[in-house]
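Some notes on the structure that comes next.
Taken together, the values in this text are just the output of simple stated rules run on the coordinates, not laboratory data. None of the values given here were measured: they were computed from a predicted structure. Cβ placement follows ideal geometry from the backbone for every residue including glycine, while neighbour counts extend to all protein chains displayed.
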Ligand code: NIG
Ligand code: FE
């Protein structure tokens with residue numbers, strides 16, 4: 001027993017080539033130049049007690065200071081915050097590789113959507129499965145996300161589109177949340193598409209969402225989201241849903257300005273939404289309003305890539321205008337089967353001119369704020385949960401540099417080792 005140790009901890013993670021993390025200095029989403037400020041500590045380590053980070057510092061320093069029950073050594077590796085994926089549609093039945101092939105032959109996504117395919121195809125395949133089958137599929141996908149370094153995830157409903165099936169999906173999300181393997185934040189997206197049985201009665205469907213689903217799902221969802229776009233929901237329909245959702249205590253997110261500029265960003269900012277997502281076609285006025293309101297921009301470059309659209313969201317303009325930018329996979333069977341936040345980061349740097357540091361902040365701390373978890377996770381700092389992804393690389397920059405290779409070799413969540421290769 002060495003006498004001069006000052007304290008005891010449960011776990012020491014030591015000898016990293018690099019510990020890299022955004023800093024949550026202001027306890028709010030990071031915007032502007034600060035999004036590029038990533039702290040890089042060479043030969044760093046992390047001391048953990050009761051699942052939380054006690055200190056991030058030089059490894060020798062930590063060894064001098066702390067006695068630990070367990071010590072893990074990671075020479076040559078890099079520690080980053082566990083990824084936060086703030087926009088996914090993880091619970092669904094079936095797949096859409098046939099539609100994917102159609103799109104490869106040039107049929108546009110909106111045309112498929114308007115013809116009743118796309119989302120409604122997955123709705124049919126999801127309605128056909130019972131809760132336990134749906135749960136098994138979602139659980140497998142969750143494990144895959146973990147293997148890619150994700151320790152917090154937002155999951156939307158939206159492939160049920162009637163009371164019974166939306167409830168079934170929300171119950172699956174709730175089960176994943178209660179199992180608490182990683183942090184799961186549930187979002188109700190009843191307004192994802194008009195289901196076939198309401199094709200001639202749009203207002204009737206929105207009324208069902210507002211009058212029946214919103215009140216009934218209160219205990220099962222934290223956020224309410226709407227797919228507002230060309231071929232999807234209008235500004236008026238979205239405002240109706242948002243007004244009622246706010247009265248019931250939900251927080252808001254919006255699929256905004258992805259396919260056409262329909263004023264989604266402006267509307268999200270006006271309603272005080274936590275985030276507006278996609279934003280490929282955002283207007284200058286939308287950018288100004290989001291900056292002013294502090295709305296987080298959740299960008300989904302994997303979706304743009306998989307749709308083979310040439311135009312990406314204006315990440316540089318958003319950052320330079322003071323809008324905090326986050327990244328997400330948008331994992332779903334139609335537009336983005338991608339489940340890796342490292343891929344989101346890679347596309348953000350290669351296609352949207354973000355720096356690797358900005359992309360890291362976007363996929364961790366800003367993403368955490370986008371799901372209301374920024375105070376608890378998203379950076380490696382004392383007091384936060386010890387949610388850590390360990391990379392088989394000597395710098396976090398390799399996340400984007402070695403595009404397409406999963407570098408994640410171990411994942412700690414709240415101080416517990418939940419994945420190892
Ligand atoms: O975020 N844009 C709307 N929802 C999904 C696509 C869902 C689907 O095509 O099944 C998205 O891209
Ligand atoms: Fe989406």
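The residues on offer are 266, 270, 244, 285, and the sole one that is more than 26 Å from residue 400 (Cβ to Cβ) and either within 12 Å of ligand 1 (Cβ to nearest atom) or buried (at least 19 other Cβ atoms within 10 Å of the Cβ) (or both) is 266.
Taking the conditions exactly as written (part of a helix (DSSP H, G or I) and touching a strand residue (DSSP E or B) at 6+ places or on another chain (Cβ under 9 Å)), does residue 237 satisfy them or not? In short, yes.
Output the residues belonging to the stretch 85-109 that are away from ligand 2 (no atom under 16 Å from the Cβ) and within 23 Å of residue 414 (Cβ to Cβ). Across the stretch 85-109, there are no qualifying residues. When residue 61 is tested against (1) closer than 28 Å to residue 320 by Cβ; (2) outside any strand (DSSP E or B), just one condition goes unmet, and that condition is (1). The strands (runs of 3 or more DSSP E) found wholly in the stretch 315-421 include none carrying at least 3 residues that are surrounded by fewer than 21 Cβ atoms within 10 Å (Cβ to Cβ) and free of Cβ contacts under 8 Å to residues at least 24 places away in the same chain. The residue that is nearest to ligand 1 (Cβ to nearest atom), among those in the stretch 288-313 that are in a loop (DSSP other than H, G, I, E, B) and buried (at least 24 other Cβ atoms within 10 Å of the Cβ), is 300. For the stretch 125-164, the set of residues classified as in a helix (DSSP H, G or I), touching a helix residue (DSSP H, G or I) at 6+ places or on another chain (Cβ under 8 Å), closer than 24 Å to residue 193 by Cα and without any contact (Cβ under 8 Å) to a residue 40 or more places away in the chain consists of 127 only.
Evaluate the stretch 62-79: report whether one residue or more is surrounded by fewer than 15 Cβ atoms within 10 Å (Cβ to Cβ), under 23 Å from residue 152 (Cα atoms) and in contact (Cβ under 8 Å) with a residue 60 or more places away in the chain. No, that holds for no residue. Annotation: residue 235 fulfils all but one of (1) within 12 Å of ligand 1 (Cβ to nearest atom); (2) more than 21 Å from the chain's Cα centre (by Cα); the unmet one is (1). Scanning the stretch 39-95 for residues being touching a helix residue (DSSP H, G or I) at 6+ places or on another chain (Cβ under 7 Å) and within 16 Å of ligand 1 (Cβ to nearest atom) gives a total of 7.
Among the conditions (1) within 16 Å of ligand 2 (Cβ to nearest atom); (2) closer than 30 Å to residue 55 by Cα, the only one that residue 383 does not satisfy is (1).
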